[in-house]
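First comes the structure, then the notes that go with it.
The values are calculated or read from the model by the stated rules, or taken from the named source; none is laboratory data. Please read all numbers here as calculations on a predicted model, not as lab measurements. No Cβ is skipped: glycine too gets one built from the backbone with ideal geometry, and neighbour counts run over all protein chains shown. These area figures cover heavy atoms from the full protein model, side chains too; ligands, DNA and RNA do not enter into them. Shrake-Rupley method; radii C 1.70, N 1.55, O 1.52, S 1.80 Å.
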Amino acid sequence: MNTSKTLRVFSLLLALLLSLALFAGCKGDDKNASSDKGSEKENTSIDNTEVVEQYQDKGHPTLPETKDLGGFEMMLVSDREGSVIPEQGESAEGDLMLDALRETQTAYNCTISIRYVTAWDEAFTSIIAGEPYANVIMPRIHAAGRFLQSRLCADYLDPEISQYIDMEQPWWNDTMAYASNVLGSVYAGASTVMSPADYTWVIYFNKDIAKEIGLGDKELYELWEKKEWTWDALLKYAKLALKDVDGNGAVDSVDDIWGLVAPGYDGAQAFASSAKVASITTDDGMNPRYTFNTTHAITSLTKLNGIFTGEGIYAPDSVYAGVGTGKTFINYFAKGNSLFFGYRLITITDQQLRDMEDDWGLLPMPLGPKDGGGWQDKYISRVDHNFNLCVIPTTVEDKASTALVLESMSFNYFKIINDKVNTYATLYCRDDESVDIANTIYNTSTFEISQFFYSVNNYEYNRAVESILTRVCTSPNYDVSGAVQSVADQAQIIIDGYFNGV
């Protein structure tokens, strides 16, 4: 471990022991959350430490300080064991989360428990039968769509719930309030009970390769600060990084150095979001429409197709498949075979990156094209579809108490979860700039309506429409315009079915 990293780790541990100081990336002070169009929420290039600090010593700004709920039992259901209520003594951070949980239980005379499932069929069947299955279910986004379509979710704008929960607050992600808005009802929330930052897409870069191609030590970070970290910037440096290591005259094998490695379909989705390209758009949940066939979407996806397949920078699955074990694209980057690597922020903690011999840095997703020319004004990073949501089933009898407890948990975890990002960033990042950027990622976290459509109609929308992104990143000279137009009618029928609740 180098000296600067050692000092960062020492400083972090000292801070945790002395004061448990809570500071990290958090959503900016955006007061227009309810009317945002998804990725239009305010993003900044600073970590907004003051947003957390203004709350950490004051308590919740609107909830009653105490309320006797008479032993109310709050049951959560998740498919991710240990993520919301960890085991006592597993980690210092986990114990902080348990302290936050006890604070809610004490203040409102309630008990909070969780059970785990491996699939959501039981929950779906139980709720549709009118049974009080749980107070809050936490399906991943890709599994949540059928609950929304079948109207098994309580509306967060219901006065019983909204008297306590306000998604304009920074411990809720306002783009989820947009993405889960169906005809004016908000059916799912993304709060800091889980951390959206953990599952937000970022770009890692190999600093050793960057140095070999003449990039200054801080050059990419300077591009980020000046809002010049764009698709074109990534492409420029990725092309410079290409290296025929095996000597066969082409960059085409597992031994060669590539410009970009990432899981293809998810990577293309993340790049599309960074350009505000989405297959479904609404006006605050109303007027749902298919939008892959807009001029901006076609132009951006065509450009993206060129980046992935026309420039030779992207290492497709066929190249790195079988390298090492586990997620092979992570192993491939960790071996030093690519300049850039796109994946989730929480990957910082993976053993492959921790053991990586080459030095690495961190950036948000690059700015994508802007409708009408130029680049987006704010960094936009898609949250992976494996993120767990908070859904209140319609069968919950005491929605008010459920909302009160969930809001208190979200607020208390806000401080802990934000500290979590800074904790693992400081422990595992290789330079201070990466720590700073990790602390801004929550500001860029963005959800899309289409993420709910994975589980709708037996994945019909995913096969027919979203699969276009697979071909964008795998098929050279792909006819984007023809593809998106050819499925327009089918897409709109599926969209209408989802919003009409069939």
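At-a-glance table
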read-out: Dipole moment magnitude, nearest 20 debye, region 124-251 about Cα centre, only Lys, Arg, Asp, Glu C-beta charged; value: 340
read-out: Residues whose placed amide H lies under 5 Å from that of residue 72, excluding near-sequence neighbours; value: 111
read-out: Angstrom value of the Kirkwood radius, inverse mean 1/r, which spans all Cα pairs in region 322-424; value: 17.7
read-out: Relative contact order (percent, whole number), region 217-320, Cα cutoff 8 Å, 6+ residue spacing; value: 27
read-out: Gyration tensor verdict on region 80-203 (Cα atoms; rounded if a/c is under 1.5, prolate if a/b is larger than b/c, oblate otherwise); value: rounded
read-out: Surrounding net charge for residue 311, when Lys and Arg each add one and Asp and Glu each subtract one, Cβ distance under 15 Å; value: +1
read-out: Calculated from backbone phi, Karplus (6.51, -1.76, 1.60) coupling profile of region 219-229 in Hz, x at Gly/Pro; value: 4, 5, 5, 5, 4, 4, 5, 8, 6, 10, 7
read-out: Accessible area per residue, Å², region 238-295 with all protein chains present, probe 1.4 Å; value: 35
read-out: Relative contact order (percent, whole number), the chain, Cα cutoff 8 Å, 6+ residue spacing; value: 28
read-out: At least 20 Å along the helix axis (C-alpha) and Kyte average at least -0.5, DSSP helices within the chain; value: 3-18, 92-108, 399-428
read-out: The chain - percent of accessible surface contributed by carbon and sulfur, probe 1.4 Å; value: 48
read-out: Dipole of the chain [Lys/Arg +1, Asp/Glu -1 at C-beta], most positive-end residue of 206, 257, 125; value: 257
read-out: Solvent-accessible surface (1.4 angstrom probe) belonging to residue 201, in square angstrom, nearest 10; value: 10
read-out: Sequence-distant residues sharing a close amide H with residue 200 (under 5 Å, placed H); value: 345, 346, 384
read-out: Whole-Hz couplings from phi, Karplus 6.51/-1.76/1.60, listed for region 332-348; x for Gly and Pro; value: 5, 5, 5, 6, x, 9, 7, 5, 10, 9, x, 5, 7, 4, 5, 4, 3
read-out: Three-way shape call for region 145-276 based on the alpha-carbon gyration tensor, with the a/c threshold at 1.5; value: prolate
read-out: Anisotropy class of region 386-429 from Cα gyration tensor, a/c 1.5 cut; value: oblate
read-out: Normalised per residue, the volume of the convex hull around the Cα set of the chain (Å³); value: 140
read-out: ³J(HN,Hα), Karplus 6.51/-1.76/1.60, whole Hz, each residue of region 438-446, x for Gly, Pro; value: 4, 6, 9, 4, 4, 5, 9, 5, 9
read-out: For region 84-241: relative contact order, % (alpha-carbon pairs under 8 angstrom, 6 or more apart); value: 12
read-out: Highest average packing first - 405-416, 58-69, Cβ atoms within 10 Å; value: 405-416, 58-69
read-out: For the chain, calculated [θ]222 nm from helices alone, where every DSSP H run of n ≥ 4 adds -39500 (n - 2.57); value: -11000 deg cm²/dmol
